[in-house]
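Quick notes on the structure that follows.
Here, each number is a calculation from the coordinates, and none is a lab measurement. Everything numeric in this text was worked out from a predicted model, so none of it was measured.
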Amino acid sequence: RNRDSNSLLGTLTAFACVFCPMLIALLTVVSFAQANPDAAHVGFGSDCDDDLDVFWVNPQGEEVAVTKVPPQGQSWIGSYLNHKFVYRVNGKNVGETTVTSKSQFSAAQCGHPCHEHYGEESCLERLDGRIRRAQLQPIWDSQNEDRRQVNRIQPQHLKNFTELGFEKRKIPADVWEVLKSYYENNKDSIVLEKWPSTNPYINHWDSVPFMIWLPELHTGDQTKRKIFDGLKPHLEEWAGTELEHTDMYGMRVYKNNTYLENHVDRVATHVISAIMHIADKQEIPWPLNIYDHNGKEHNVTISPGEMVLYESATCAHGRPSLFQGGYIYDSTHIFFSAQELLIVLYRI
């Protein structure tokens, strides 16, 4: 028995040691947020083609390296209000920021040509590693044919949770306050959203989409948690089933001459979803095009403060018409899985 107890103790000790760094990091984040009223979470994004080095400027004016952001990537750290950071690429200063809100995203922009020159060869080269549009066209044609087939076939094999498949509503007041606050604090910090060159769902070769990223849950920031928890009961009531949150995008910024092909989403993670509209500047309304469970087409226009709940794995949706306007912030795309649907799929 002593031998068994020692063996069990050794196993538990080894298990604890494996997860020790993770536990320490989690406790550090929790204590950081509780013990410091000026604590903040800061994200750094980059449009640069090389690694972005981020330095904290300490009270003595010295630069202390805190994180490295990969090209067109992002990184989040814990910080404090009024802390100052500078950005360097290959030693060259490319910007700076001061923490002014408790949940802040800051972007370093290195003059990427796709900010202003949509569709030009230099833009495509930078994004696609010198792959020419003519080389990609056959791949896009094949991907689009696959997309159209999935749009037809997938909904036939899945359960419908609602009669129509979508519904427009007001964003719940508590969630809207979180989204508005984050948008106002970070609306000028947009970075390129890099799409795979072989993905033709959005015409990124003509009009590059941008993103204001939201802080990830593992950082300890509560922005996403408040949105998830605030929306979940509304989506469960609408769908009539228990849900588990799986994903949430940041605030996507569509610009002039953009379109998004109709598609259905991934079954495992994108079953019940919501699109929440934050802000826009548009000359002509750019509706969400969606097909209901009976195959009828709808064009749904939403304004800031409104959202569309939809069964994204069974209702083909997109914005296939060309966007004409300055910009549109279409946040936040939030997704839930449904255990009930997964059981049905498993039985099939």
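So here's what we get for this one:
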read-out	value
As computed over the range 183-231, the Cα convex hull volume per residue (Å³)	126
Distance violations [Cα-Cα > 27 Å] among K180/K281; K194/K232; K159/K180; K170/K255; K68/K255; K232/K281	K194/K232; K159/K180; K68/K255; K232/K281
Proportion of all alpha-carbon pairs of the range 187-303 beyond 26 Å (%)	28
